[in-house]
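Here is the structure we will look at.
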Amino acid sequence: MITEMDSNRFATHSLQDARILRILSAALEAVDPFNAVQKYLPNIDGRVFGLGIGKAAIPMMDALAEQIPFADGLAVTKFASGLSRELYTVIEGGHPIPDARSLHAGERVLEFVSTLKEGDTLVCLISGGGSALVTAPYVPLEDLQTLTSLLLSNGARIDEINTLRRHLDRLKGGGLARATQAKIISLILSDVIGNPLEAIASGPTAADPTTREDALKILEKYFHALTTETQRHGDSLNSVTQWLRGSKESETRAEDGGGSIDERVQNIIIGDNQLAARAALKQAGLEGFHAEILTNELQGEAREVGHELAHHLRVDTLNRTRPFCLIAGGETTVKIKGDGKGGRNQELALAAVNELRDLQNVMLIALATDGDDGPTDAAGAVVTGESAQRAEALGLDAADHLSRNDAYPFFDALGDLLKTGPTGTNVNDLTFLCIL
């Protein structure tokens, strides 16, 4: 759990203001998975089994274990090295690209749930990252890895990626529910805008409303052009396309309408981006800030969103009462064109550097709530009106780094990477626009 006592984990060279540190801390504390599970867990009779899937699987399973003596349990998460529990088994999956660990995790999950009986209750604790961490694909793992990597690098939205995953995996789109006879209570920490049940961890306990035609349209959207990239990975893309065109799996799902799932499953959202943003809003008010939530549906190319938010902040310096804090939540994407290092929040922040140049007492903070922004050890980055000048004094040019998707070394040199470590929760991203 993130508490006020460790709010300094958000501190950087530029971000030292204790008020803002407490605002960030309050946002994540509101979506603490341990507390959320204990708050929403209903009374359950009979034998209970626990299954945690996602980046927050461990604190969610710990909360379940404290509340209910369950017969057996399994947790699949990203950072499992050195973790062990007496009451349940912990295994590690691969993320954001599924790997052999994810495949093993998928086999273990299917074995676990298939042994449960009609009178049993399976408590599924689902959080973001579950799509990659656990997989039981119909196509070869290598083809799924290639597809996932290409979609991510081409800026595909998570709902689009998960639509394809649901049609390529036995566990997704309600597949986990179909694999067991037990009643299911799913407590879900949402990392998807709008909280569509089928999209969070690709909906292991939710019926899939999409068709294989929908999945094929997404492939067409991103790979219709015969680029060098698609030619190089043509075999994998052809494998996926052939499966989708020849599979009867989607038709079977459509025919049963998900009825066999819905009769046995109770899906409950226990935390999301809106909850985190509202907590930040409340804390900002307590800290004396004029505060407002701009949106919880922030989407689009990270560099474009970063520039737009920074421009918004520049304009608002003229007509808002200080201090103020604007809060935006959602999830952007990055179309990778260079060979640099970074993540979507770092790229968003980098795109804001020149727009905020020379403004006094302004700050943009881009934060991945799970503490895990792209394939880096950073959760995001902090930009101020001094960032551009400080960078240039070090021989760094923001536009050059942005052209290479190279945000990490830029902010690392400035001491303005957010390095929270894994937070234990995951509800998309938050961006804070502050004027002091």
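The values are calculated or read from the model by the stated rules, or taken from the named source; none is laboratory data. Remember, predicted model here, so these are calculated numbers, not experimental data. Note: ideal-geometry Cβ built from the backbone for every residue, glycine included; neighbour counts use all protein chains shown. We work out accessible area using only protein heavy atoms, side chains counted, and drop any ligands, DNA or RNA first. Shrake-Rupley method; radii C 1.70, N 1.55, O 1.52, S 1.80 Å.
Odds and ends about this structure:
- Apportionment of accessible area to carbon and sulfur, the stretch 100-208, percent (1.4 Å): 49
- A simple rule links phi to the HN-Hα coupling: the Karplus curve 6.51 cos²θ - 1.76 cosθ + 1.60 with θ = phi - 60°, which for the stretch 55-68 gives 5, 9, 4, 5, x, 5, 5, 4, 5, 4, 4, 6, 8, 9 Hz, with x for Gly and Pro.
- Percent of alpha-carbon pairs separated by more than 39 Å within the chain: 21
- Computed from backbone phi, the HN-Hα couplings of the stretch 374-391 come to x, x, 9, 9, 9, 9, x, 7, 10, 10, 10, x, 9, 4, 4, 5, 4, 5 Hz, rounded to whole numbers (Karplus: 6.51 cos²θ - 1.76 cosθ + 1.60, θ = phi - 60°; Gly and Pro given as x).
- Sequence-distant residues sharing a close amide H with L298 (under 5 Å, placed H): G329, G330, E331
- Cα Rg, Dmax, the stretch 17-117, angstrom units: 15.7, 54
- If only the Cβ of Lys and Arg carry +1 and only the Cβ of Asp and Glu carry -1, the dipole of the chain around its Cα centre is close to 220 debye.
- Nearest 10 degrees, 0 to 90: helix 302-316 Cα axis against the chain principal axis: 40
- Solvent exposure of the chain, expressed per residue, is 40 Å² of accessible area, with all protein chains present and a 1.4 angstrom probe.
- Comparing I161, I293, I200 in a Gaussian network model of the chain (Cα springs below 10 Å), the most mobile by mean-square fluctuation is I293.
- Within the accessible surface of the stretch 276-341, defined with a 1.4 Å probe on protein heavy atoms only, the carbon and sulfur portion equals 48 percent.
- Total lysine pairs in the chain at Cα distances under 21 Å, for residues eight or more apart or on different chains: 19.
- Under 5 Å, built H, 5+ apart or other chain: amide partners of G73: G50, T89
- Rounded to the nearest 20, the Cβ-based charge dipole of the stretch 62-116 about its Cα centre (Lys and Arg +1, Asp and Glu -1) stands at 140 debye.
- Percent of C-alpha pairs per 10 Å bin, the stretch 289-332, short to long: 26, 52, 21, 0
- Every helix of 4 or more DSSP H residues in the chain counts as -39500 (n - 2.57), and over all residues that averages to -11500 deg cm²/dmol at 222 nm.
- The HN-Hα couplings worked out from phi for the stretch 326-341 by the Karplus form 6.51 cos²θ - 1.76 cosθ + 1.60 (θ = phi - 60°) are 9, 10, 10, x, x, 7, 8, 10, 10, 9, 7, 10, x, 10, x, 10 Hz, whole numbers, x standing for Gly and Pro.
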